[in-house]
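Just below is one structure, and these are the notes that go with it.
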Amino acid sequence: MLDIKKITSLSDLSELKTAYFAESTAPLDGMWHFGFVPMSDHYGFYEGDKLVGYCVLNGEGYLLQFYLAPTANTNIADLFTLIVENNSSVVGEVKGAFVSTAEPQYLSLCLDNTESFKVNALMFRQRPTAVENSIENIEMTLATEEQLDQLVEFASSAIGAPKEWLTGYYSNLITRQELWGYWENNRVLSTGECRKFDEHQTQSADLGMIVAPEERGKGLATRVLNFLKQLANSQGIEAICSTESSNIGAQKAITRAGLSSKHRILQFDFD
């Protein structure tokens, strides 16, 4: 018999998380899996006293991860259906799921339970055989704690993100030396992130950037991404990134910087 219990210590899932990432066919999106997942609720699947799987549900009722060890006695399809049909009093209401096409089993389970989905984002990965292009070099500066307020103000104005969240997020990146800025006459024109992973996917770096609205469409985004890609490569790791399916401008810039998109992040809504 299988029991579902809420997980209070994520370290309990260390081995299962390793197995989960090992099953993926490509690096998974860093912001989703290392930004949003840790802030969401985790539920463990137990057979007796043995933890054999888990799922992750965000505050809006969407599954973000789902895994059951192949050695478990429980049928994974039956378990998934039980949860998404809201028959688990522990997990509660499940409205839908976010899953990438690089997570074949989780994706198959979602497809088995609904035909309603849409593309949320495109996942990009550095092309291993890409010929170095002639993109004009850009010199970005490693951000410091003294610049935090200015960078938060810039990002909040450019993309509308909450300042409180940005302050904590950027402060952490500055501590890790993963946030870069591009200034002109003491004015921030762009920020760039080269986020490395402490565990899982350690051979990849997740890139992110923000460009001032008035500077978009001038090639700056491509130059920033190219700088970040070269920064990652200089440390012996490959570059990955993602962007919303509606952001055509970002998609073009990413492609010009030498990354290509094979996988998608899909949003499922269960009936």
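A short reminder: the numbers here are calculations on the coordinates, not readings from a lab. The structure presented is a predicted model; accordingly, all values stated were derived computationally and were not measured. Note that we place each Cβ from the backbone using ideal geometry, even for glycine, and neighbour counts take in every protein chain shown.
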Positive-end residue of THR167, ALA19, LEU148, charge dipole of the chain with Cβ unit charges:
LEU148
Using a Cα distance threshold of under 24 Å, what count of lysine pairs results for the chain when pairs must be 8 or more residues apart or interchain?
22
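Quickly rank 163-175, 54-66, 211-223 as a protection proxy: mean count of other C-beta atoms within 10 Å, highest first. Walk me through the numbers before you get to the answer.
On the way: 163-175: 14.9, 54-66: 20.3, 211-223: 16.5.
Put in order of decreasing packing, that is 54-66, 211-223, 163-175.
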Sum of -39500 (n - 2.57) over DSSP H runs of 4+, divided by residues of the chain (222 nm, nearest 500):
-8500 deg cm²/dmol
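In region 69-156, which GluC sites (Glu not before Pro) are in a loop and have at most 10 other Cβ atoms within 10 Å, using DSSP for the loop call? Intermediate results must be reported in sequence, preceding the final value.
On the way: sites: GLU85, GLU93, GLU115, GLU132, GLU136, GLU139, GLU145, GLU146, GLU153; in loops: GLU85, GLU93, GLU115, GLU132, GLU136, GLU139.
Those that pass, being in a loop and sparsely packed, are GLU93, GLU115, GLU132, GLU136, GLU139.
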Spin-label pair GLU214/ARG187, simplified geometry with 7 Å Cα→Cβ offset, distance in nm
0.4
Using the scaling law 2.2 N^0.38 Å as the reference, what is the normalised Cα Rg of region 158-271?
1.12
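Taking a ≥ b ≥ c as the square roots of the Cα gyration tensor eigenvalues, with a/c under 1.5 meaning rounded and otherwise prolate when a/b beats b/c, else oblate, which class fits region 76-175?
On the way: a/c = 3.29, a/b = 1.64, b/c = 2.01.
It is oblate, given that a/c is not under 1.5 and a/b is not larger than b/c.
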Would you grab the residues whose amide H sits under 5 Å from the one on ALA121? Only those 5+ places off in sequence or on another chain, please, with H modelled 1.01 Å from N.
SER245, ILE265
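Does region 2-113 come out rounded, prolate or oblate, given a ≥ b ≥ c as the square roots of the eigenvalues of its C-alpha gyration tensor, rounded meaning a/c under 1.5 and, failing that, prolate meaning a/b above b/c?
Values: a/c = 1.19, a/b = 1.13, b/c = 1.05.
Rounded shape, in that the Cα axes give a/c under 1.5.
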A correct Karplus calculation of ³J(HN,Hα) over region 197-211, with 6.51 cos²θ - 1.76 cosθ + 1.60, θ = phi - 60°, whole Hz and x for Gly and Pro, returns 9, 7, 8, 6, 6, 6, 8, 10, 10, 8, 8, x, 7, 9, 10
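Going from the alpha-carbon gyration tensor of the chain, what semi-axes, largest first and in whole Å, does one get by taking the root of 5 times each eigenvalue?
Values: eigenvalues 265, 74, 61 Å².
Rounded to whole Å, the semi-axes are 36, 19, 17.
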Taking R0 as 30 Å and r as the Cβ-Cβ distance between ILE7 and ASN75, the FRET efficiency 1/(1 + (r/R0)^6), rounded to the nearest 0.05, comes to 0.85
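For region 2-113, with only Lys/Arg (+1) and Asp/Glu (-1) charged at the beta-carbon, what is the dipole magnitude about the Cα centre, in debye rounded to 20?
My answer is approximately 140 debye.
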Would you please give the residues with an amide H less than 5 Å from that of LEU189, counting only those at least 5 places away or on a separate chain, with H modeled from the backbone geometry?
TYR182, TRP183, GLU184
